[in-house]
Amino acid sequence: MTARLSSRFADLLGIEHPVVQEGLGPYKTVRLAAAVSNAGGLGTVSMPGMTDPDGPRVLRGYIEEACGLTDRPFAVNVPVGRDSTGKVLPFSAAYVGAVVEAVRDPEIARRLRMITTSAGAPGVVRDLVRDSGLVHAHKVGGTRQAVRAAADGVDVIVASGYEAGGHTHARPVHTMVLGPTVCQAVDVPVVLAGGIRDGAGMAAALALGADAVALGTRFVASHDNTDWHPAYAQRIVDTAEGADVVFAAVYGPSRALDTPALAELAALEETLDVDALTAWKDDRLIRGQRDGEMDAGILPAGNVAGAIADLVHVAEFVPALVADAVAVLGALSARIR
């Protein structure tokens with residue numbers, strides 16, 4: 001019998017296991033998301049790049065493709081923010097609008113259950129999401145951001161520690177510190193992310209007060225991440241401990257594996273404007289993920305990459321992750337005298 005964990009988050013989403021695949025991208029993650037959902041967790045479909053003019057239509061295609069691969073709940077991830085005048089960024093409004101429009105289709109709404117926003121404050125798109133029927137999760141890197149997001153009315157907080165891959169935080173707060181402070185500060189379910197790769201890590205997150213865990217890099221290094229080039233997953237497996245770096249990305253610091261492309265990006269920051277830099281970055285991210293260009297590509301990955309030594313099969317990994325967490329918690333309980 002598969003081990004089960006009681007979880008407000010799992011109950012809210014109607015999923016078997018409180019395990020989330022983090023938003024990745026900008027290249028598609030449809031097959032990976034479907035695999036995680038089919039395994040009883042919550043897969044996340046990532047949006048296309050921020051500079052794709054046809055992005056909302058492409059995202060709708062990703063959502064429909066995911067619906068053809070799973071009949072279980074999944075999520076979509078969209079970064080949000082404001083421009084210098086205080087208006088919601090056009091790409092944010094367009095992508096959130098595409099997600100909200102998609103769930104007007106009852107068949108899609110049965111599967112697409114959550115939207116995760118990140119980067120800026122969720123209030124900029126809260127009115128778009130509020131009456132859509134979607135569970136609204138928002139990713140934060142600090143306790144004040146969590147309290148503000150909860151006050152804005154989101155349903156779930158994703159607390160992402162500084163260890164996490166991709167866009168990270170200007171004020172570094174690591175998972176072991178961030179998790180308990182956020183869990184104590186808000187009443188909504190908290191998903192903890194950053195540095196989690198196995199049952200022991202999941203047990204630690206639950207001990208810190210989390211209702212669920214989110215994993216990104218661990219799921220990238222899987223046999224089910226078949227939309228991406230296999231060289232990317234193998235690069236994670238081959239990565240040495242501490243080989244990831246934090247660099248100045250377009251909208252703040254980001255964590256990735258060290259490649260020559262990061263030196264190119266640093267040089268271009270002196271000559272290109274924000275729009276051109278964003279387009280260049282999207283291209284290099286996609287060249288790494290889709291095409292397997294390990295030197296020319298930008299390769300987001302968490303600090304945990306150096307601790308990953310194999311590829312996993314998602315259908316086996318998700319229930320085993322939970323079973324291992326249960327076993328760890330049981331073993332710790334047995335030590336109490």
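Assorted remarks:
- Between Asp310 and Ala267, the contour length at 0.36 nm per residue exceeds the alpha carbon distance by 12.0 nm.
- Per residue accessible area in Å² of region 1-110, where ligands, DNA and RNA are left out and the probe is 1.4 Å: 41 Å²
- Contour minus Cα-Cα distance for Arg110 and Asp283 (0.36 nm per residue): 58.9 nm
- Shape category assigned to region 201-258 from the gyration tensor of Cα positions, a/c cut at 1.5: oblate
- For region 1-25 versus region 279-302, the gap between their alpha-carbon centres in whole angstrom: 29 Å
- Accessible solvent surface per residue of region 274-337, calculated while the other protein chains remain in place, 1.4 angstrom probe, Å²: 48 Å²
- Surface share of carbon and sulfur [accessible, 1.4 angstrom probe, percent] for the chain: 52 percent
- Gyration tensor verdict on region 109-180 (Cα atoms; rounded if a/c is under 1.5, prolate if a/b is larger than b/c, oblate otherwise): prolate
- Highest average packing first - 259-268, 290-299, 216-225, Cβ atoms within 10 Å: 216-225, 290-299, 259-268
- Between Val312, Val19, Val156, the Gaussian network model of the chain with springs among Cα atoms under 10 angstrom shows the greatest mean-square fluctuation at Val312.
- Of the DSSP H helices in the chain, those with a Cα length along their own long axis of 24 Å or more and a mean Kyte-Doolittle hydropathy reaching -0.5 comprise 314-334.
- Each helix, a run of at least 4 DSSP H residues, gives -39500 (n - 2.57); summed and divided by the residues of the chain, these come to -12500 deg cm²/dmol at 222 nm.
- Gyration tensor analysis over the Cα atoms of the chain returns equivalent ellipsoid semi-axes of 28, 24, 20 Å (largest first, whole Å).
- Shape of region 1-156, Cα gyration tensor, a/c cut at 1.5: oblate
- With the highest mean first, a sort of the peptides 270-281, 192-203, 63-74, 102-113 on other beta-carbon atoms found within 10 angstrom per residue produces 192-203, 63-74, 102-113, 270-281.
- Ala231/Met176 FRET efficiency (R0 41 Å; Cβ-Cβ; nearest 0.05): 0.80
- Potential lengthening of the chain between Ser333 and Ala243 amounts to 28.8 nm, from the contour at 0.36 nm per residue minus the alpha-carbon distance.
- Electrostatic dipole magnitude of region 69-182 [Cβ: Lys, Arg +1; Asp, Glu -1; Cα centre; debye, to 20]: 220 debye
- Cα-based convex hull, region 270-314, per residue volume (Å³, whole number): 127 Å³
- Global dimensions of region 169-244 from alpha-carbon coordinates: Rg and Dmax equal 14.6, 41 Å.
The values are calculated or read from the model by the stated rules, or taken from the named source; none is laboratory data. Here the structure is a predicted model, which means the values were calculated and not measured. Note: ideal-geometry Cβ built from the backbone for every residue, glycine included; neighbour counts use all protein chains shown. Accessible surface is based on the protein model in full, side chains and every heavy atom, while ligands, DNA and RNA are left aside. Shrake-Rupley method; radii C 1.70, N 1.55, O 1.52, S 1.80 Å.
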